[in-house]
Ligand SMILES: Cc1cc2nc3c(=O)[nH]c(=O)nc-3n(C[C@H](O)[C@H](O)[C@H](O)COP(=O)(O)OP(=O)(O)OC[C@H]3O[C@@H](n4cnc5c(N)ncnc54)[C@H](O)[C@@H]3O)c2cc1C
């Protein structure tokens, strides 16, 4: 008997899973539900969003029409509101209308939002994030408005992790002035050993002309429009046309919480990527928390989870998902870690 598999999310996790199911067989029904409307796009390419003029089109890897042609039903512009485990029904809102959809299996591939530290939350109108294609479009528009009035945009980037370093490098490559604020004494401390953090600092400052302020815990922002300031504990740095907060990611677990599934930082799954609460629900990608307490929020492991789960669900792999080898590399021109990467 065929089953209906509902996949929530059209990032690399959801799309890889759905396409792999279709590659393996055509018997079961697959529905991909997503709030996106513009197709499946490459999130890593967002980090090149300023230096590449054609990015808004080049970033789209696959249209939703191509998925439909591959026999995957797609509900685009659809916000999944609730998973009712008793009746095995999803509820989603599309074009202002609420629709139920029954399922046999659900794959939660809901990804992650940008993490906004609590002191910044009330000041959302003063900063941007770069987590999705919509964010990139907004940022690029903002940059165009700046350029209409100032020859050289000046940005504050908050956070010297992987994404903050990449965004800073890309803006600098484009010719903009960048001040990068990092709360800790060295850059990318979660992925790099100390020596490589220093090397990265050298590349950002000396080759790309970025001003890097380490050990600076940002307290908040002030100003309006294109006249913005960053408040530190003992001084205020003024004169920014734009502020970008890049302080990490927050898994989207709201649907899982509402459905009564076990969650911690992410949706808790066992070694078979199956919810520890409900064996008809799976989680993959940035939103899944593995038994080792880790979230494997990088392309290589996320893609591997999608491929593995498709096989597992069809009964073609009964061994637990294995973490593939991967490097959490920063896409900063001129930088290569010498001591390797941590995870
Ligand atoms: C700027 C940036 C640069 C990066 N660079 C790299 C890199 O160089 N290398 C690397 O390995 N990783 C990189 N990453 C991380 C990598 O992109 C992520 O690990 C990966 O994209 C996660 O994929 P995902 O499918 O789990 O989640 P996402 O891509 O977040 O997709 C989740 C999808 O779910 C949808 N969704 C969520 N909730 C609902 C709902 N209730 N209803 C409907 N739809 C919903 C969202 O709209 C979205 O389409 C980068 C990330 C960013 C933000």
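All of the numbers you see were taken from the coordinates with simple rules; none came from a lab. Being a predicted model, the structure only gives us computed values, none of them experimental. Cβ coordinates were reconstructed from backbone atoms using ideal geometry, including for glycine residues, and neighbour counts include every protein chain displayed.
Couple of notes before you dig in:
- Between 0 and 90 degrees, the angle of helix 12-24 with respect to the longest Cα principal axis of the chain falls at about 30 degrees.
- Note on the chain: with a GNM built from Cα contacts shorter than 10 Å, the maximum mean-square fluctuation among 177, 224, 271 falls on 224.
- Shape class of segment 47-135 from the Cα gyration tensor (axes a ≥ b ≥ c, square roots of the eigenvalues): oblate, since a/c reaches 1.5 or more and a/b does not exceed b/c.
- Shape category assigned to segment 189-343 from the gyration tensor of Cα positions, a/c cut at 1.5: oblate
- Sequence-distant contacts, meaning Cα pairs under 8 Å at least 6 residues apart, place the relative contact order of segment 116-245 at 30 percent.
- Compared with the direct C-alpha span, the chain from residue 213 to residue 174 gains 12.0 nm at full extension, assuming 0.36 nm per residue.
- A Förster distance of 45 Å, applied to the separation of the beta-carbon atoms of residue 329 and residue 71, puts the FRET efficiency at 0.80.
- Projected-area mean, segment 116-245, by convex hull of Cα positions, square nanometres: 7.7 nm²
- When the chain is treated as a GNM with alpha-carbon contacts under 10 Å, the residue of 210, 116, 12 showing the greatest mean-square fluctuation is 116.
- Degrees separating the helix 299-313 axis from the principal Cα axis of the chain, which is the longest one: 10 degrees
- Zone residues, segment 303-342, relative to residue 292, backbone N less than 19 Å from point 7 Å out along Cα-to-Cβ: 303-309, 319-329, 340-342
- Extension gain (nm, one decimal) between residue 206 and residue 23, 0.36 nm per residue minus Cα-Cα: 61.1 nm
- Calculated [222 nm] ellipticity per residue, helices only, for the chain: -7000 deg cm²/dmol; basis is -39500 (n - 2.57) per DSSP H run with n ≥ 4, divided by all residues, nearest 500.
- Largest GNM mean-square fluctuation among 222, 125, 275, using the chain with Cα springs under 10 Å: 125.
- Stretching residue 87 away from residue 279 to a fully extended chain increases their span by 67.7 nm, per 0.36 nm per residue minus the current alpha-carbon distance.
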